[in-house]
Amino acid sequence: MAVRKRIGDLMIEAGLLTQEQLQAALKEQKEANMRLGDLLIARHYITEQQLVEVLEFQLGIPHVQLSKQRIDQKIINLVPQKIAEKYLVLPIRTEGNKLVVAMADPLDYFAIDELRMSTGFRIEPTIASKDDIVRAVKRYYVMQESVEKLMDKMQVKDVDESQLADDDSPIVQMVNQIITQAVHLGASDIHIDPQEQNVKIRYRVDGVLRTERTLPGYMNSVVSARVKVMAKLNLAERRLPQDGRIELDIDFRKIDLRVSTLPMVGGEKIVMRILDVSNSIKELDQIGFSDHNLSLFQKAIVQPYGMALITGPTGSGKSTTLYSALARLNRDEVNIITVEDPVEYQIEGINQMQVNAQIGLTFAKGLRSILRQDPNIVMVGEIRDTETAEIAVRAALTGHLVMSTLHTNSAVNSITRLIDMGVEPFLVSSSLNCIVAQRLIRKICPNCAVKYEPTVEEKTILAQYGLEAQFLRKARGCNECNRTGYKGRLPIHEVLVFDDQLRTMIMQRRPDSEYRVYAEEHGLIPIVVDALIKAVKGQTTLTEVFRVTTNGG
């Protein structure tokens, strides 16, 4: 009990806890059978970051981030899985007769004694967050167990096809763990990358890729085969790219995975895009539009006809914006039909069509059929070719509101892109209501953000765009954000609306630079300025703004 009181005393000394709160927590601890630190966090007396900082700075115990550690499996094998799970510990490395161990509670002397007796090493504790250790234990013990079982079987014989569908087989368990861990980390994509000697499992979290673990190279064939079975793809086809889909329930959440395979020199590369179907579609005013841009976009999509385009790179949130707009327009008196590839979210009251290229149901063919179904509003998932572009433009000119996405770098670039695709300038100028360019930018972690006074150089940059700030925020990194300094993402936009003068300029096929100058003189806020405004408001950092916008996007 003395060990637990020491943590409480440290919190009191740091001014984070009162004596009354400590006594109440100690009394409750006997009934709850919880670690004191966990109980103090659960009752919101302190945060996990505060607990780590007090132990780190007052006791001199260093903090480690396990997600950035590469730990040898031989070191992991020194500590039995039962002890790691019981005490929330993980061995990191040896230094002579000393074993460095990450602990959620480095003052748990019972755990240190058991580790010393079990391993024969002198134990040196370091601090890691509870969630960090739980994830690492799953990664190094649970997944490694599946890997070792699979390796043993592959030494005897090749994994046969029946094992790819057996829930108890190691390969099925391992792939399930890869997907589940990605969902728990909030990843948007899973990359399975075959290298010359190994296979890298990488997750894209908040737009940034990171390697989660490495498997032996010869496992690529069975891992890719299992994913193909889940996605109902052709197992025998390894020379051509394939696309598929997997539907799973993870922690009572419906998860949709879009699977893409690509033949590479070392094997098949697989990317799985994660869509959380259980997430409800947000209202337009909840997805990150500034008041100015939201007003412009709403005016454009309530027009009875014309076209509204959302542009940006893959994974920039275009579909989310489109679905939010459709939800806003969804009423009994209007007929809304979509043609998508794939249908990501199903919306009650909207007719949604899935593209199927294998049977000839393309965007263009689907769009032609839609126009015979008496629609008021048409949503085309993406304008990929000239045929689709022309049909969409003509639909916008014949009494339909058309919404779609396009892959361009900025709003004004979309004008030239449509013309380059073969759409006549007079059709482009007559059909467009607005174009929204969009990117996703990482939000600064609210738990560890540091306020600071901007430098002279930063003030000069802001002044160039007519902005100023007494204080900005910079990313530091904590357990809540996996030491990245960022947690979650928010969109940044520029909204280009069309008036008679701009339409005339399009008819004259002016260069993009002239469109931009005119638009900015008449209310367009460039995407870099929208991002800088969010940085001034403390939602992100200047470093992140310039990483994403690169000269204004």
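Just so you know, all these numbers are worked out from the coordinates, no wet-lab data involved. Computed from a predicted model, the values in this text were never measured in an experiment. A quick note on method: Cβ atoms are made from the backbone with ideal geometry, for glycine too, and the neighbour counts reach across all protein chains shown.
Can you tell me, using C-alpha contacts under 8 Å and at least 6 residues apart, the relative contact order of segment 204-332 as a whole percent?
15
Just need the Rg to Rh number for segment 68-122, please, alpha carbons only, Kirkwood Rh.
A ratio of 0.92.
Let's test this: bin the Cα-Cα distances of segment 420-553 at 5 Å from zero up to the farthest pair and state each bin's percent.
So the P(r) values, bin by bin, are 2, 10, 17, 18, 15, 12, 9, 8, 6, 4, 1, 0.
In debye, nearest 20, what is the charge dipole magnitude of the chain about its Cα centre with +1 on Lys and Arg Cβ and -1 on Asp and Glu Cβ, if you could check?
840
I need the chymotrypsin sites (Phe, Trp or Tyr not before Pro) found in segment 203-306, filtered to DSSP loop residues with at most 14 other beta carbons within 10 Å of theirs. Don't skip to the end; give the middle numbers.
Values: sites: TYR203, TYR218, PHE252, PHE289, PHE297, TYR305; in loops: PHE252, PHE289, TYR305.
Those that pass, being in a loop and sparsely packed, are PHE252.
Can you give the calculated 222 nm mean residue ellipticity of the chain, where each DSSP H run of n ≥ 4 adds -39,500 (n - 2.57) and the sum is split over every residue, rounded to the nearest 500 deg cm²/dmol?
Helices in the chain give a 222 nm mean residue ellipticity of -11500 deg cm²/dmol.
Exceeding 31 Å between C-alpha atoms, which entries from my cross-link table qualify? They are LYS318/LYS534; LYS282/LYS459; LYS138/LYS318.
Long pairs (Cα-Cα over 31 Å): LYS282/LYS459; LYS138/LYS318.
Which whole-angstrom value gives the distance between the alpha carbon centres of segment 264-332 and segment 430-463?
Cα centres, segment 264-332 to segment 430-463: 20 Å.
For segment 353-420, take the alpha-carbon Rg, divide it by the Kirkwood Rh, and send me Rg/Rh.
0.97
Taking the radius of gyration and the Kirkwood hydrodynamic radius from Cα positions alone, what is the Rg/Rh ratio for the chain, to two decimal places?
Values: Rg = 27.6 Å, Rh = 26.9 Å.
Ratio value, two decimals: 1.03.
Work out Dmax and Rg for segment 215-284 from the C-alpha atoms and quote the Rg first, both in angstrom.
Calculated on Cα positions, Rg and Dmax stand at 14.3, 47 Å.
So how do 244-250, 361-367 stack up, highest first, on mean other-Cβ count within 10 Å?
By packing density, highest mean first, the sequence is 361-367, 244-250.
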